Amino acid sequence: MIILLTIVHVIVCLFLIIVVLLQSGKAADLAGAFGGMGSQTAFGPRGAATVLSKATTIAAVLFMAGSLSLAVMYTREGRGTASTVLETAPPPATAPAQPKQPGPIKMSVETDKGEKVREVEIPVPPPPGQEKQAPAKK
């Protein structure tokens with residue numbers, strides 16, 4: 001049923017485009033060429049409704065009704081249930097890596113003859129924004 005309604009909707013769309021393009025503008029007569037409106041009405045002279053204007057009205061009503069009915073049918077069938085692209089995307093393969101906390105720097109103090117005197121550990125402060133967390137007490 002949806003496929004048939006979609007085909008009819010496309011045909012109505014094409015018909016509406018053709019009918020609108022075939023119509024002439026409001027000021028297409030001789031008075032419009034020289035800037036005259038031909039009448040004192042607010043939007044220019046309005047003649048009798050032609051066959052093309054009636055066909056445009058009918059095609060526009062069919063187009064709106066078809067669009068509304070297709071939208072309702074697609075959501076009832078369950079094709080239009082996802083509201084965002086993120087809901088249909090697969091989950092990420094791995095969790096993002098946590099930045100490694102820097103450890104203390106180990107240095108050895110030597111004499112000028114190259115003899116090792118002692119080793120020194122220099123603590124490195126955590127990067128700004130990350131506070132050092134105390135271990136949980138049990």
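Among the residues that make up region 25-32, is at least one of them exposed (fewer than 13 other Cβ atoms within 10 Å of the Cβ), part of a helix (DSSP H, G or I) and either touching a helix residue (DSSP H, G or I) at 6+ places or on another chain (Cβ under 9 Å) or at pLDDT below 95 (or both)?
Scanning region 25-32 turns up at least one residue that is exposed (fewer than 13 other Cβ atoms within 10 Å of the Cβ), part of a helix (DSSP H, G or I) and either touching a helix residue (DSSP H, G or I) at 6+ places or on another chain (Cβ under 9 Å) or at pLDDT below 95 (or both).
Taking the condition part of a loop (DSSP other than H, G, I, E, B) and at pLDDT 75 or above, does Lys132 pass?
So Lys132 does not fit the description; no.
Give the residues of region 2-26 that are of a type in the set (A, V, I, L, M), without any contact (Cβ under 8 Å) to a residue 12 or more places away in the chain and over 20 Å from Arg76 (Cα atoms), sorted by residue number.
Val10, Ile11, Leu14, Ile17, Ile18, Leu21
If I ask for residues that are surrounded by fewer than 13 Cβ atoms within 10 Å (Cβ to Cβ) and aliphatic (A, V, I, L, M), which ones from region 53-76 would you list?
Val61, Met64, Ala65, Leu68, Ala71, Val72
The values are calculated or read from the model by the stated rules, or taken from the named source; none is laboratory data. No experiment lies behind these values; they were computed from the predicted model shown. Ideal geometry is used to build each Cβ from the backbone, glycine not excepted, and the neighbour counts take in all protein chains shown.
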